[in-house]
Amino acid sequence: MEAPCWLSHAALWVAIATLSLLLLSGRRRKLNLPPGPKPWPFIGNLNLIGPLPHHSIHQLSKKHGPIMHLRFGSFPVVVASSIETAKLFLKTHDLNFISRPRLAAGKYIGYDYSDILWCPYGPYWRQAQKICVTELFCAKRLDSLEYIRKEETNALLKEIYKFSGKGIQLKYYLFTQSFNVISRMVLGKKYLEQSKEYSIFSPDEFRKMLEELFFLHGALNIGDFIPWIDFLDLQGYVKRMKALYKKFDRFLEHVLDEHNGRRMGVRDNYVAKDMVDVLLQLADDPNLEVKLERQGVKAITQDLIAAGTESSVVTIEWALSELLKRPDIFKKTTSELDKVVGRERWVEEKDIANLPYINAIVKETMRLHPIAPMLVPRLSREDCQIAGYDIAKGTRVLVNVWTIGRDPAIWENPNDFIPERFSGKSIDVKGQDFELLPLGSGRRMCPGYNLGLKVVQSSLANLLHGFVWKLEGDTKKEDLNMDETFGLSTPKKFPLVVIAEPRLPPHLYSL
């Protein structure tokens, strides 16, 4: 009996599909992948990743080597954990790994991939990057706004002085100073003063929003790796992202409405006062390669606020935590400050070049506590070979700078805080020295790193110049908790509580 025509066709398609799978699996077996642990079905190697992913991946790289292949659910992931492999991904083949994977954070928090952090490589990203480099973070603009950084640093020092001899949660004061700097530079004024009618969120509410933002940007969302269960939102991260987006969007809509209102009121005599003004002017520019929509202005503004605030707060808190465990370093620091600056004035940004030990402390802090321990993930745009291994198009790439900063082949006693290791060395954090990459490297490096360094260096120098720092109560330096939490950044798990006592003449604190 002859089989029905549709059955013959079905059998043919089954045969073709089976042959295709065999061919594809045969081809896959021929790929020379980097070494790595054997993945489980469906989840891949996600079972090996703990609550601090950079620690888990650090341990795996010890076993499998400086270039390692993992599977996170349905997606291949390659991890670089050495100077040599980092240089291959971020310099030699930078253009092939310049894009970003499309993760939920970019969709729900980054205005559908309109921000600088998550937008894919292409004309829009190139334009946004150019705006940052030539318009927002150019040397001329940063120099012209130095007075804001100076005023807010002085306000920080005065506020801490009010509580001399009392225990304070340092992070709270650092956040206020850092946000006020960014708020005035980016938004044109302080938006978080509770006494003002235009306040939308209190400083504490906004601090929690930024902490949530950084956590969700770095969280391992299961749906990003196993797409077919994405709709379940098993961890509740997408729900949190949507709630956070609504809060930020409410704030940013208010900011843009105020700026547009001022522009309409001035009209022909309008002069850009801040970075949002610059972005809105560019949005009206018909000559832009890609039109900058309102959504893009909000996305870029959010990036500027978040990155500019969080990075300096986290770095300074870690720096003081490490220094409290090493009183001998305090003595060297204050000796340098007294010699270069003296005791009759505060540290200015122009002094930083003459304070090599302060610079060494910042570098050592960023080595042990990089702002983004695995940088922001990149994406392979095409098939290629790295170090003799096949890297397929669509592979997600992580560069574990946390591991590089602890490589005993590079750093003697790598787990110890030793600023002197940078004495006489020209290593910096600007992306050219691959043993120290806290801010990334290549085309996708943080575009605002110069501003971040200025705030961190001058703020830390003044805090060390103006106060003697002690732990609260009977807490001993050995008991200071140095645990961290994971997100896009890695802040201290338990905020630092300290006592500050003035070390300069009283009149300086009232300037």
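The values are calculated or read from the model by the stated rules, or taken from the named source; none is laboratory data. Fair warning: this is a prediction, and the values are worked out from it, not measured in the lab. Reconstructed Cβ throughout: ideal geometry from the backbone, glycine too, with neighbour counts over all protein chains shown. For accessibility, only protein heavy atoms count, side chains too; no ligands or nucleic acids. Shrake-Rupley method; radii C 1.70, N 1.55, O 1.52, S 1.80 Å.
Counting only Cβ charges, +1 for Lys and Arg and -1 for Asp and Glu, the dipole size of segment 462-511 around its Cα centre is about 160 debye.
What pairs from Lys171/Lys430; Lys62/Lys107; Lys162/Lys189; Lys273/Lys470; Lys171/Lys298; Lys107/Lys208 go past 29 Å between their alpha carbons? The pairs that break the limit, which is 29 Å between Cα atoms, are Lys62/Lys107; Lys273/Lys470. Around the amide H of Gly44, modelled in the peptide plane, lie the amide H atoms of Gly73, all under 5 Å away and 5 or more residues distant in sequence or on another chain. Magnitude of the charge dipole for the chain, about its Cα centre and with charges confined to Cβ atoms of Lys, Arg (+1) and Asp, Glu (-1), is about 580 debye. Between Ile427 and Ser202, the FRET efficiency from the beta-carbon distance, with R0 = 45 Å, is close to 0.65. The charge dipole of segment 425-466, taken about its Cα centre with unit charges on the Cβ atoms of Lys, Arg (+1), Asp and Glu (-1) only, comes to about 160 debye.
Could you tell me which of rounded, prolate or oblate describes segment 93-151, using a ≥ b ≥ c as the square roots of the eigenvalues of the alpha-carbon gyration tensor, with rounded for a/c under 1.5 and, failing that, prolate when a/b is larger than b/c and oblate otherwise? Because a/c hits 1.5 or more and a/b exceeds b/c, segment 93-151 counts as prolate. Pull out a ≥ b ≥ c, the square roots of the eigenvalues of the alpha-carbon gyration tensor of segment 346-472, then state rounded if a/c is under 1.5, prolate if not and a/b is larger than b/c, and oblate in the remaining case. Prolate shape, in that a/c is at least 1.5 and a/b is the bigger ratio.
Within the shell of other residues whose beta carbon sits under 12 angstrom from the beta carbon of Glu364, the net charge comes to +2, with Lys and Arg scored +1 and Asp and Glu -1.
Shape class for segment 367-422, computed from the alpha carbon gyration tensor (a ≥ b ≥ c): prolate, with a/c not under 1.5 and a/b above b/c. Of the listed residues Thr490, Thr176, the order by accessible area with a 1.4 Å probe, largest first, is Thr176, Thr490. Ordering 303-309, 468-474 by mean Cβ neighbour count within 10 Å, with the highest value first, yields 303-309, 468-474. The portion of the accessible surface of the chain made up by carbon and sulfur, rounded to a whole percent, is 55 (1.4 Å probe; DNA, RNA and ligands excluded). Among the listed options (i) 106, 61, 38; (ii) 73, 57, 52; (iii) 73, 58, 40, the one matching Cα extents along the principal axes in Å as calculated from these coordinates is (i). For the chain, the longest principal axis of the Cα atoms and the long axis of helix 327-340 meet at an angle of about 60 degrees.
Among Leu48, Ala105, Pro35, whose Cα sits farthest toward the positive end of the charge dipole of the chain (+1 at Cβ of Lys/Arg, -1 at Cβ of Asp/Glu, about the Cα centre)? Sorting the options by dipole projection puts first Pro35. In the full protein context, the chain carries 46 Å² of accessible surface per residue, based on a 1.4 Å probe and ignoring ligands, DNA and RNA. Only protein heavy atoms count here; under a 1.4 Å probe, Ser81 has an accessible surface of about 10 Å².
Each peptide in 371-379, 49-57 gets a packing score, the mean of other Cβ atoms within 10 Å over its residues, and the list from highest to lowest is 371-379, 49-57.
Highest mean packing first, where packing is the average number of other Cβ atoms within 10 Å per residue, the peptides 130-143, 205-218 line up as 205-218, 130-143.
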